[in-house]
Amino acid sequence: MQVRRGEELRIRLVNELAEPTAVHWHGVRLSNAMDGTPPLTQSPVAPGESFDYRFSAPDAGTYWYHPPDGIHASDRRRHELYGALIVTEAEPVDVDRDLTLILAAPSATDGAPISPSQDDAPVTVNGATSFDIGARANERLRLRLINATDDRIIGLHVVGLRTFVVATDGEPAEPFAAREGRLLLGPGNRIDVFVDCTLAPGATAPILIDGRKADFPIARIVCDAGAANRSAPRDEPKALPPNPLPERMDFPAALRFDTAIGRTAARETGHGTAPLFTVKRARTVLLGISNPTSENKYIHLHGHHFRLLDARDDGWKPFWLDTLPIAAGSSVRIAFVADNSGKWRIDGVAGETAGWFEVT
């Protein structure tokens, strides 16, 4: 699904399943009523019923859609119901090809069983167990990478080619070269990269996934044996056009709140009446989140993007996120401007919810 920044989407969900469902537009800073988070923002869509989603996409970037956490009894269903939402920039970006790669666990329709979450479990690329990306010599590819797994942190390695990160979770970042072409995506994360095909004609470059015992290929870039696209590689890329996100945050006047994964779900059985916190619109929020469990977890903040704060001071990492892995036994601090009114969920791992907050 593709739309230009600022254009309105009108999408009717018709539920032909045997169970209620909904659609969450992951990472889109849309109006609260369209977030697709039953029962917080809408009622579940019953079998045979429909729901009209209608919203404008304020930010260009790479997003995706899927059922919200906890709405389906079977994890298998979530593996089969997802897709990419690409919001294009107002002006064309200077790349030769623009490709979306959705990384997911195999579903029953892929001819392979769904594997448990582990480093060496199979991963598909756009539903295929192997995927070739054709390119001519010196072409620049924009690869939009989406981690659509429920609970797997994926390490990728683009072997032997210059790889520049230009956006994280849909939002432009100051371009930087990925060290040795290595990338890390938590569940729900997206990374946009520019990859220059500096291979000799006929050569290939594998894209590997980090495994527990060894890396294994899931895709490869194949250089066309014909004439080069241009005589020399491109210069380092320029930044993508900015989206309308806050340039500054008022830390001294911020609302500060700390919570822990696995401890807050009891406060809001079925998204009950008590939010984790309530904040006035346009106020900065400093949110500390710890993971006291023995497993890696992740959070997803609905309706907003945040900055990951440095551990020692109130500086932040130079990129925006809406989804963040949190290692076992560790904690993080994030900051965001609560500029989107409504009741917003903070997702944890599949089947858990870290709670919700309200912007008034």
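The values are calculated or read from the model by the stated rules, or taken from the named source; none is laboratory data. Predicted model only: the values in this text are computed from it and were never measured. With ideal geometry, Cβ positions are generated from the backbone for all residues, glycine too; neighbour counts draw on all protein chains shown.
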Under 22 Å from Ile86 (Cβ atoms) and either modelled with pLDDT under 90 or assigned by TED's automatic domain parsing to the domain that holds Glu295 (or both), is that true of Val166? no
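Taking only the range 163-183 into account, find how many residues are out of contact with any Pro (no Cβ under 8 Å at 6 or more places or on another chain) and of a type outside the set (Phe, Trp, Tyr).
Initially, the range 163-183 is screened for residues out of contact with any Pro (no Cβ under 8 Å at 6 or more places or on another chain), giving 163, 167-171, 176-183.
Okay, now just the ones that are also of a type outside the set (Phe, Trp, Tyr), so 163, 167-171, 177-183.
Number satisfying all stated conditions: 13.
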Of everything in the range 42-62 that's polar (S, T, N, Q) and under 21 Å from the mean Cα position of the chain (by Cα), which residue is nearest to Val87 (Cα to Cα)? Thr62
Members of the range 303-327 that are in contact with an Asp or Glu (Cβ under 8 Å, 6 or more places away or on another chain) and within 17 Å of Asp150 (Cβ to Cβ): Asp322, Thr323
Options Gly262, Gly288, Gly272; residue that is more than 26 Å from the chain's Cα centre (by Cα), more than 29 Å from Val125 (Cβ to Cβ) and either modelled with pLDDT of 90 or more or not assigned by TED's automatic domain parsing to the domain that holds Ala177 (or both): Gly272
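Can you find even one residue in the range 269-276 that is at positive phi and loosely packed, with under 14 Cβ neighbours inside 10 Å? Working first, answer last.
The first filter runs over the range 269-276 and keeps only residues at positive phi, leaving 270-271.
Adding the requirement that they be loosely packed, with under 14 Cβ neighbours inside 10 Å leaves 270.
Checking the range 269-276: at least one residue is at positive phi and loosely packed, with under 14 Cβ neighbours inside 10 Å.
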Confirm whether Cys197 is over 30 Å from Lys297 (Cα atoms), buried (at least 17 other Cβ atoms within 10 Å of the Cβ), out of contact with any Asp or Glu (no Cβ under 8 Å at 6 or more places or on another chain) and assigned by TED's automatic domain parsing to the domain that holds Asp98. no
